[in-house]
Amino acid sequence: MDYFTKSLFSPLFGSLQPKVTESNEPANSPNSNLSPTVTSFGIDDDNTEYFQRPSACFKRYELMMEFMNLRNSSQYPLGVYLIPCADTLNVWYGILFLHQGLYNSGIFKFRLSIPENYPFGMPSVTFLTDIFHPLIDSQGALRLSSAFPVWRPYQDYIIHLLCFIKNMFKKSTLDKLLDKHCANKEAYRLYRQEMVVFKKLAQQCAQLSITESYLYDHFPDNNLIRFTPLGEQAFGKYKKRMKGKG
């Protein structure tokens, strides 16, 4: 059992392992295409320990524990900040700071939507900043199939998504992309065939992301990550603190 599985479940169930079972719905049922669910908790005839189907309360606890454990992980990517929205724990807002590479100086906002059947269902990521990138479509939706061809419950976690969000802007990741995984075919073509043009467009996205109209935009209202202008007096105070003089 990896770090996150232990962290999420040990407060309640110690070292118990999840047992996944398929839905018993008939093939023609409206629910027949639902993801597998955890159905019970106890000890099987073969002495296998397993979980009960989580209640809504337990799901919220599970998500909150995962969010809290992000801060304690050595795997957490630098330059990524994340916080649940004001209305629901199933939507988290994030921001990514990039300091090198093709998108150098970019500050990109994104939304992480967590399905009700998580961890069996894969979260989705939508960028709120306009970005020209092979994996991002015109609506800002990030295509995750290159990193997660199959979502594996209790093996794949939100932190793995965050690491991919950080790495997808690196040349090493871009070089390995295949056409079938790309949502923006033109961006993929330019990266492969006209790198000079791609670099220019990528840098335009980065510069646009730090303009006042993008940086100080508070859309949507339930996004608690917000930037506000810093006056000269406040800037001087924080500058002194950073230098250890305040």
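Only the coordinates and a few stated rules stand behind these numbers; no lab work does. Treat the numbers as computed from the prediction; the structure is a model and nothing was measured. Methodologically, a virtual Cβ is constructed for each residue, glycine included, from the backbone with ideal geometry; neighbour enumeration extends over all protein chains shown.
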The long-range amide H neighbours of L135, using H built 1.01 Å from N in the peptide plane and a cut-off of under 5 Å, are A183, N184
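Compute the Cα gyration tensor for region 88-246, then decide on rounded, prolate or oblate, letting a ≥ b ≥ c be the square roots of its eigenvalues: rounded whenever a/c is under 1.5, prolate when a/b is larger than b/c in the other cases, and oblate in all that remain.
It comes out oblate by the Cα gyration axes.
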Burial-style ranking of 116-123, 99-106, 161-168, average other-beta-carbon count within 10 Å with highest first, yields 161-168, 116-123, 99-106
Taking a straight Cα-to-Cα line shorter than 18 Å from K59, and setting aside same-chain lysines fewer than 8 residues away, one finds K6, K19
Output ordering of 130-136, 185-191, 233-239 (per-residue mean of other Cβ within 10 Å, highest first) is 130-136, 185-191, 233-239
Between the modelled labels at E186 and E116 (7 Å from Cα along Cα→Cβ) the distance in nm is 3.8
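Exceeding 24 Å between C-alpha atoms, which entries from my cross-link table qualify? They are K170/K200; K171/K200; K109/K185; K109/K166.
none
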Put in order of increasing Cβ neighbours within 10 Å, starting from the fewest, T211, T173, T88 give T211, T88, T173
